[in-house]
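First comes the structure, then the notes that go with it.
The values are calculated or read from the model by the stated rules, or taken from the named source; none is laboratory data. What you are looking at is a predicted structure, and each value in this text was computed from that prediction instead of being measured. Here the Cβ positions follow ideal geometry from the backbone for every residue, glycine too, while neighbour counts run over all protein chains shown. For accessibility, only protein heavy atoms count, side chains too; no ligands or nucleic acids. Shrake-Rupley method; radii C 1.70, N 1.55, O 1.52, S 1.80 Å.
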Amino acid sequence: MSVLLIEMFSQGLVLAYPFSLLPALNHPKTPIRANLHSSSWLGSIIGLAYINGFMMSSVLTKFCGRRFANAIVILSSIVGWLMIYFAKDITTLMIGRFLSGLTVGATVPLETIVIKEYMAPKYKGAFLYLKNTALCTGVTIMHIISRCLDWRTIALVALAPLLMDLLIVYTWPESSACRASKQFETNDHTINSNRGNTKFSRYPLGHCRPSTSKFKLTCMDGVMAFCRQFKQKDFIKRLVIMILSTLVLVMSGKHVFFSYALQIMADITGEITQSFYYSLGIDIAITASALFAAVLGKIINPRTLFFSTGFSALSVLMSLCMYLFFTSKGMIATNKSWISANLLEVYFMLANFGCASISLTLFGEIFHLNNKGVSPALCQVWISICLTVCLKSTPHLLVNLGVHGVFVVYGSIMGMSLLILYFILPETNNERLANTIIDDDKATNNKIITKENSNII
C-alpha cells in the first residue's frame, strides 16, 4: 500500500508543479519564455499523459508482471523530472511534463491490481480515502516549497519520493496471481501469502488457469462484443452515471486550483503578495477535509453525503461568484479579500467531502464484471478528455472571463450533472452499485410485467 500512496503523493507534485513553473516562465528575465498558449499546454498536457499512462500500465501489467510495470512507470517519471531540470526550451519542458505525468494514469490499473492481489480486504476502505489525502498532501508540499526554491531545484526534489518508491518496488515479491497465471500454479498457500492467510484474504485462482476452450476470439469478435455492450439498457445507464460523475469531479475545480492556484488567488484577492498564504490555507483545508471525509463516509450514507455536500458546495460557489461580480462592477465599495478566500475555502472543503471522494469510488463500482473489458477504457478516456479540456481552457477563460466567470461556467456544468444524477443514481444500501442498478432494472421489469398481467386479467 505504501507504494501506491507514495505514487499518489508524487501525482500531487506533478499536478501542482505549474504553481511554481508558470510564474517563473512569465518573468521578464527568464531564459525560457512562455506565452498564454504554451502555458496552458504545460498545465494541461497531464490530461494527455493520463490516458497514455493508463494504456501503458495495463499492457505492461498483463504481459510483464506487476513489479516490472510499476518500475517502468516510476522510471519514466524520473526521466521526465530530469528532462525538466535540464530543459532549455519549451519543447523539452513539454516532454518532461508528459513523462512525469504518466504516473497519474498508470496508477489506476496498478491500484486495482495491488488492492486485489496484495492487500488484505480489511484495509481497502482505508486506502481509498488515504490515496486522496496523499494526493492533497503532495499538492500542499509543492505549493510550500515553491515559496523558497526555484522550479529547476523543485524538479530534483520531486525525484526523492520516486526513488524511494522504486526501492520499495524492488523489494516486492511478484504477485502470486501473476505467478499462477504464468506457471499455472494452484497452491492456496502461495496465493494467500501476499494478502494474509485468513479466510477473508483468500483469492480465487480459477481465472489464472489457462483456458481449455478450443475457440479463440478474433479482432472482429472483440469489436462486435464491444458494440453489443451499448445495446444493454443497464450498461447505458452506468455509462451516463460515469460521464456525469466525472464532470462533477473535474468541474468541481480541484485540479484547476492545484495547477493555477496562484493566478486564481491573485485575481480573487487583488493582492499578489498575499496570494501564496491564501493558497496555502486552502491547501491545508482541502487536505484536512480529505481525511475527515473518511470519517463522514462511515457515518453518513454515501448518496446523502454526495448530494448534500455537492449542492451545498455549489451554493457557496455561486455566492462567491456573485460577490466577485458585484465587486468588479463597483457595486460593493471595497473588495475584502478575506471574504473571498474564506468562501473559496469552504467551497473546496464541501466539494472534497463528497464530490471528490465519492465520485472516485463510483468509477470502481459503477460497472458490472460483465463489462470489465470495456468500462475501464471508456472511463479513463473520458477522464483524460475532461481533464485536458478543463486545464487547457482555464488560463484562457481567466483572461477573458475572470475568476467569477470561470467558476460560473464550471459551477453550471457541475450543478446540471448533480441534478441529473439525483434522479438516476440509485440508493446502494451498502451494496455494490453495479448490482443495485441491476436490481432496480429487475424491479422495473417486474412492475411492467405485473401491470401487463393485471390488464390481461
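Consider ILE383 carefully, then state whether it is modelled with pLDDT of 85 or more, part of a helix (DSSP H, G or I) and closer than 17 Å to LYS131 by Cβ. Before the answer, list the steps.
On the way: modelled with pLDDT of 85 or more: yes; part of a helix (DSSP H, G or I): yes; closer than 17 Å to LYS131 by Cβ: yes.
Yes: the conditions hold for ILE383.
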Exercise. How do the pairs read when you match residues in the stretch 91-115 that are basic (Lys, Arg) with residues anywhere that are modelled with pLDDT under 95 and not in a helix (DSSP H, G or I), using Cβ under 6 Å and keeping only pairs 6 or more apart or on different chains?
Worked result: none
Exercise. Considering only the stretch 284-325, how many residues are more than 19 Å from the chain's Cα centre (by Cα) and farther than 24 Å from PHE407 by Cα?
Worked result: 8
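Those residues that are of a type in the set (S, T, N, Q) and touching a residue at least 24 places away in the same chain (Cβ under 8 Å), I need them from the stretch 302-335; list them, please.
Of all residues in the stretch 302-335, those of a type in the set (S, T, N, Q) come to 304, 308-309, 312, 315, 319, 327-328, 334-335.
Passing the criteria: SER308, THR309, SER312, SER319, SER328, ASN335.
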Problem set entry | The lone exception for VAL374 - which of (1) open to solvent by less than 20 Å² (accessible area, probe 1.4 Å); (2) touching a Ser or Thr at 6+ places or on another chain (Cβ under 7 Å); (3) at pLDDT below 70 it fails | (2)
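Suppose the filter is at pLDDT below 85, of a type outside the set (Ser, Thr, Tyr), more than 15 Å from the chain's Cα centre (by Cα) and crowded, with 20+ Cβ neighbours inside 10 Å; does PHE367 pass it?
Working: at pLDDT below 85: yes; of a type outside the set (Ser, Thr, Tyr): yes; more than 15 Å from the chain's Cα centre (by Cα): yes; crowded, with 20+ Cβ neighbours inside 10 Å: yes.
Answer is yes for this residue.
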Exercise. Of ILE45, ILE84, ILE51, which residue is at pLDDT below 90, hydrophobic (A, V, I, L, M, F, W, C) and under 24 Å from the mean Cα position of the chain (by Cα)?
Worked result: ILE51
For this session: Of the numbered conditions (1) over 27 Å from PRO395 (Cα atoms); (2) β-branched (Val, Ile, Thr); (3) at pLDDT 90 or above, THR91 fails exactly one; give the number of that condition.
Result: (1)
Exercise. Name the pairs whose Cβ atoms lie under 8 Å apart, with the first residue in the stretch 266-284 and more than 26 Å from PHE353 (Cβ to Cβ), the second open to solvent by 80 Å² or more (accessible area, probe 1.4 Å) and in a helix (DSSP H, G or I), and 6 or more positions between them or separate chains?
Worked result: ALA266/ILE272
Problem set entry | Which numbered condition SER77 misses (of (1) within 24 Å of ILE383 (Cβ to Cβ); (2) touching a Cys at 6+ places or on another chain (Cβ under 6 Å)) | (2)
For this session: Could you please find all residues in the stretch 326-342 being under 19 Å from VAL406 (Cα atoms) and either basic (Lys, Arg) or open to solvent by less than 50 Å² (accessible area, probe 1.4 Å) (or both)?
Result: THR327, LYS329, SER337, ILE339, SER340, ALA341
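Taking the stretch 263-292 as the region of interest, how many residues are β-branched (Val, Ile, Thr) and either open to solvent by 30 Å² or more (accessible area, probe 1.4 Å) or over 16 Å from LEU343 (Cβ atoms) (or both)?
The initial filter retains those residues of the stretch 263-292 that are β-branched (Val, Ile, Thr), namely 264, 268-269, 272-273, 282, 284, 286-287.
After this cut, where a residue has to be either open to solvent by 30 Å² or more (accessible area, probe 1.4 Å) or over 16 Å from LEU343 (Cβ atoms) (or both) as well, the list is 272-273, 284, 287.
Result for the stretch 263-292: 4.
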Exercise. Do the conditions hold for VAL295, that is, is it open to solvent by 10 Å² or more (accessible area, probe 1.4 Å), under 26 Å from LEU398 (Cβ atoms), without any contact (Cβ under 8 Å) to a residue 40 or more places away in the chain and of a type in the set (Val, Ile, Thr)?
Worked result: no
Problem set entry | Members of the stretch 254-278 that are in contact with a His (Cβ under 9 Å, 6 or more places away or on another chain) and at pLDDT 85 or above | PHE258, ALA261
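At pLDDT 85 or above and among the polar types (S, T, N, Q): is that true of THR103 in this structure? So that I can check it myself, show each step before the final result.
Working: at pLDDT 85 or above: no; among the polar types (S, T, N, Q): yes.
Spelling it out, it is not the case that THR103 is at pLDDT 85 or above and among the polar types (S, T, N, Q).
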